[in-house]
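Engineer: Following this message is one structure expressed as structure tokens.
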Amino acid sequence: MRPMRLLVKFNLILILVFGAGMAAAGYFARSFLQQTAHDQVLQQARLMMSSAGAMRTYTTKQVGPLLEQHQAQVNTFLAQTVPAYAATEAFNYLHSDYPDYAYKEATLNPTNLRDRAVDWEADVIQIFRTHPDQKEFSGERDTPAGRSLFLAKPITAAAPCLECHDTWRRAPAAMIRIYGKDNGFDWKMGDTVGAQMISVPMAVPLAIADRAFRTLMLSLGGVALVTLLLLDLAIVMIVIRPVTRLSKAADQISKGDLNVPELPAQGSDEISQLAQSFNRMYLSLAKAIRMLESQ
Ligand code: HEC
């Protein structure tokens with residue numbers, strides 16, 4: 001009975017140690033994997049933000065100057081000269097291939113009403129307005145399509161912008177004919193009027209992180225289980241079996257049986273030494289008893 005209890009104690013300690021180790025490893029692995037997923041998505045969002053910036057620059061430097069001459073000739077206003085329009089339209093084409101990715105030039109008082117900031121976007125713009133030094137803001141949101149990361153950059157009105165976004169009287173007449181005079185005017189120089197908003201879905205990277213976490217925990221659990229079984233086997237072979245043999249022999253001898261065979265005692269570990277000492281003690285005892293009996 002007693003040696004079994006030794007195995008139980010030993011197993012309890014090991015399970016406790018393995019359990020604590022796995023809990024700690026799981027905790028750190030989980031936060032590391034989720035952080036990695038987050039960083040990966042943020043990196044993707046930065047790339048998209050930069051590509052929106054590239055579209056804006058291309059429009060300002062190349063498309064705008066070409067179309068301006070044409071606009072003047074036909075006395076009309078072409079939205080294709082507007083950088084905000086170019087970036088938004090280009091991303092709308094991308095959106096049809098990747099519906100969960102989005103770009104918006106969210107604005108508090110927009111010229112084109114599709115750009116009006118919704119409540120949470122207005123909150124982000126407000127953060128930029130109260131912290132003018134902040135150049136970037138990112139966060140995570142739950143959307144109907146799953147968790148999504150957003151990256152925002154402030155849009156500030158500069159002198160050239162006021163040609164069209166100052167009072168409606170100052171804006172090109174051809175533009176007013178199309179957009180009216182109610183929206184997108186009276187922006188002030190240096191004011192943060194809106195924010196470029198990139199939204200990137202997190203579902204796929206999060207699912208990958210989850211899968212990696214499960215695989216890691218399962219393999220850790222598997223390794224712990226195999227280790228436990230091998231250690232149990234070793235304990236049984238090295239300690240429990242010899243000790244049980246020894247205690248059985250001691251039992252028999254204590255009941256006066258002197259025909260107990262000697263215990264196997266090869267090796268030099270503590271258990272073998274104990275068996276050797278036991279054998280010597282048993283021989284001396286047997287000799288002493290025989291001497292007593294022969295008198
Ligand atoms: C030639 C006139 C013109 C100039 C100059 C101009 N914009 Fe605009 N802007 C427009 C028009 C028109 C729209 C609406 C385009 C559309 O239909 O999407 C617009 C849209 C925007 C939008 C999207 C929100 C909205 O109002 O619909 C932002 C943001 C914006 N402009 C910022 C700027 C900034 C910043 C500058 C200066 C760097 C600037 N604009 C210069 C005419 C102009």
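Engineer: So if I check each of L47, L66, L78, L42, which one is in contact with a Leu (Cβ under 9 Å, 6 or more places away or on another chain) and free of Cβ contacts under 8 Å to residues at least 24 places away in the same chain?
Structural biologist: Values: L47 fails: in contact with a Leu (Cβ under 9 Å, 6 or more places away or on another chain); L66 fails: in contact with a Leu (Cβ under 9 Å, 6 or more places away or on another chain); L42 fails: free of Cβ contacts under 8 Å to residues at least 24 places away in the same chain.
So the residue among L47, L66, L78, L42 that is in contact with a Leu (Cβ under 9 Å, 6 or more places away or on another chain) and free of Cβ contacts under 8 Å to residues at least 24 places away in the same chain is L78.
Engineer: Something else now. Residues A195, A157, A171: which one is open to solvent by less than 20 Å² (accessible area, probe 1.4 Å), under 21 Å from Q71 (Cβ atoms) and within 11 Å of the ligand (Cβ to nearest atom)? Break it down into steps so the answer makes sense when it comes.
Structural biologist: Details: A195 fails: under 21 Å from Q71 (Cβ atoms); A157 fails: under 21 Å from Q71 (Cβ atoms).
Only one candidate passes the filter, namely A171.
Engineer: Taking the condition open to solvent by 60 Å² or more (accessible area, probe 1.4 Å) and of a type outside the set (V, I, T), does D142 pass? Break it down into steps so the answer makes sense when it comes.
Structural biologist: Values: open to solvent by 60 Å² or more (accessible area, probe 1.4 Å): yes; of a type outside the set (V, I, T): yes.
Criteria met by D142.
Engineer: Among the candidates V223, V260, V243, single out the residue that is part of a loop (DSSP other than H, G, I, E, B) and either surrounded by 15 or more Cβ atoms within 10 Å (Cβ to Cβ) or not small (G, A, S) (or both). First the steps, then the outcome.
Structural biologist: Numbers: V223 fails: part of a loop (DSSP other than H, G, I, E, B); V243 fails: part of a loop (DSSP other than H, G, I, E, B).
Sole residue among the options that is part of a loop (DSSP other than H, G, I, E, B) and either surrounded by 15 or more Cβ atoms within 10 Å (Cβ to Cβ) or not small (G, A, S) (or both): V260.
Engineer: Of all residues being loosely packed, with under 12 Cβ neighbours inside 10 Å and on the phi < 0 side of the Ramachandran plot in the range 71-87, which is nearest to the ligand (Cβ to nearest atom)? Just the residue, please.
Structural biologist: Taking the range 71-87 first, the residues loosely packed, with under 12 Cβ neighbours inside 10 Å are 72-75.
Among the residues that remain, those that are also on the phi < 0 side of the Ramachandran plot are: 72-74.
Working: A72: 12, Q73: 16, V74: 15 Å.
Among those that are loosely packed, with under 12 Cβ neighbours inside 10 Å and on the phi < 0 side of the Ramachandran plot, it is A72.
Engineer: While we're looking at this one, here's another question. Which one of T111, T59 is part of a loop (DSSP other than H, G, I, E, B), within 11 Å of the ligand (Cβ to nearest atom) and more than 19 Å from S199 (Cβ to Cβ)?
Structural biologist: Details: T59 fails: part of a loop (DSSP other than H, G, I, E, B).
None of the other options fit; the residue is T111.
Engineer: Within the range 252-264, does at least one residue satisfy the condition of being of a type in the set (K, R) and either within 16 Å of the ligand (Cβ to nearest atom) or touching a residue at least 12 places away in the same chain (Cβ under 8 Å) (or both)?
Structural biologist: Initially, the range 252-264 is screened for residues of a type in the set (K, R), giving 255.
Applying the additional criterion that residues be either within 16 Å of the ligand (Cβ to nearest atom) or touching a residue at least 12 places away in the same chain (Cβ under 8 Å) (or both) yields none.
No, the range 252-264 has no match at all.
Engineer: When you go through A157, A145, A117 one by one, which is the residue that is modelled with pLDDT under 95 and aliphatic (A, V, I, L, M)?
Structural biologist: Numbers: A157 fails: modelled with pLDDT under 95; A117 fails: modelled with pLDDT under 95.
From the options A157, A145, A117, the qualifying one is A145.
Engineer: Would the range 44-54 turn up any residue that is away from the ligand (no atom under 16 Å from the Cβ), open to solvent by less than 40 Å² (accessible area, probe 1.4 Å), at pLDDT 95 or above and farther than 28 Å from A173 by Cβ?
Structural biologist: Kept after step one, since they are away from the ligand (no atom under 16 Å from the Cβ), are these residues of the range 44-54: 44-48, 50-51.
Applying the additional criterion that residues be open to solvent by less than 40 Å² (accessible area, probe 1.4 Å) yields 45, 48.
Right, trim to at pLDDT 95 or above and you get 45, 48.
If we keep only those that are farther than 28 Å from A173 by Cβ too, we end up with 45, 48.
So far as the range 44-54 goes, yes, one or more of its residues are away from the ligand (no atom under 16 Å from the Cβ), open to solvent by less than 40 Å² (accessible area, probe 1.4 Å), at pLDDT 95 or above and farther than 28 Å from A173 by Cβ.
Engineer: Inside the range 88-108, can you point out the residues that are within 9 Å of the ligand (Cβ to nearest atom), open to solvent by less than 30 Å² (accessible area, probe 1.4 Å) and part of a helix (DSSP H, G or I)?
Structural biologist: T88
The values are calculated or read from the model by the stated rules, or taken from the named source; none is laboratory data. Predicted model only: the values in this text are computed from it and were never measured. All Cβ positions, even for glycine, are placed from backbone atoms using ideal geometry, and neighbour counts span all protein chains on display. With ligands, DNA and RNA removed, areas are computed over all heavy atoms of the protein, side chains included. Shrake-Rupley method; radii C 1.70, N 1.55, O 1.52, S 1.80 Å.
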